[in-house]
C-alpha cells in the first residue's frame, strides 16, 4: 500500500483528498505540524507528497526544496496559484507535477496513480531513518546532517540501518555479521570492528559524533 502525505492547511480540502484517496486504497496522512514539514516527512516516509504552495510559516516551495535535499520522493503541488510563474517555480524547486485548484478529485487520483507507477514500477522505494537530526536514506546509502551528505559503503549501510532500526537497543556483533552475511558480504569479527570505525569517521565528518555506542563484549547501539 502506497502512503501519501498531504501538506494542505485547508482542512476541508485535506479531508476531501484523504477520503477520496483512501477510497482508492492509499494510506493518507495529513500534516498537522506546518512548522516542521520535513520532520513529518521523515517520520512518515511517504511514497508521494501532495503539497500546497501557500502554507503557514514557510511556503510549499521551501518544503519541497528541503525534501529534495534528502529524497527523490515525488512531489505534486496543489494550489490555486496556477499562473505560469508558480508552475515554473514548482518545477525549479523540484516538484514533479502541478494541479490547479479547484480540481476534480478523480483527475488528482489519476495523476497520483501515474506518478507512482512511473516512480516505483522500476525502482525501489526510498526508506528514510532519522536520529537526532541525521537522516539516513537506506535506498541510496546516504546520510545527511545539517545539509552535509556522506555516501556509505554496502557494509556501512547495513550496519547503520540495523542500528537505527533497533534504536535504543543493543545489536550484537553476531547479529550484525549475520545480517551482512545474508546480504552476501561476509565479514569476520575483526573486519566488523574496522567497518564500524570507518562508519563513525564518516558520520563525524558531517558533524554526527558519538552516535554509535560500543557495548563491550556484546555489540553496538544507537541511543
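Derivation of every value follows stated rules applied to the coordinates shown; laboratory data play no part. Keep in mind the model is a prediction, meaning the values are calculated, not measured. A quick note on method: Cβ atoms are made from the backbone with ideal geometry, for glycine too, and the neighbour counts reach across all protein chains shown.
A few remarks follow.
- Peptide ranges 55-63, 2-10 listed from the most packed, as the mean C-beta count within 10 angstrom indicates: 2-10, 55-63
- Cα gyration tensor category, rounded, prolate or oblate, for segment 12-129 with a/c compared to 1.5: rounded
- Look at the alpha carbon pairs under 8 Å that are at least 6 residues apart: their mean separation over the length of the chain gives a relative contact order of 13 percent.
- Potential extension, residue 201-residue 169 segment - 0.36 nm per residue separation minus Cα distance: 9.3 nm
- For the chain, the longest principal axis of the alpha carbon atoms and the long axis of helix 154-165 meet at an angle near 70°.
- Computing FRET efficiency as 1/(1 + (r/R0)^6) for residue 43 and residue 11, where r is the C-beta to C-beta distance and R0 is 22 Å, gives about 0.60.
- Only DSSP H runs of four or more residues enter the estimate; each adds -39500 (n - 2.57), and after division by the residues of the chain the mean residue ellipticity at 222 nm equals -13000 deg cm²/dmol.
- Share, in percent, of DSSP beta bridges within the chain that are antiparallel, nearest 5: 50
- Expressed to the nearest 5 percent, the antiparallel share of DSSP beta bridges inside segment 3-120 is 0 percent.
- Stretched out straight at 0.36 nm per residue, the stretch from residue 148 to residue 194 would grow longer than its current Cα-Cα span by 14.2 nm.
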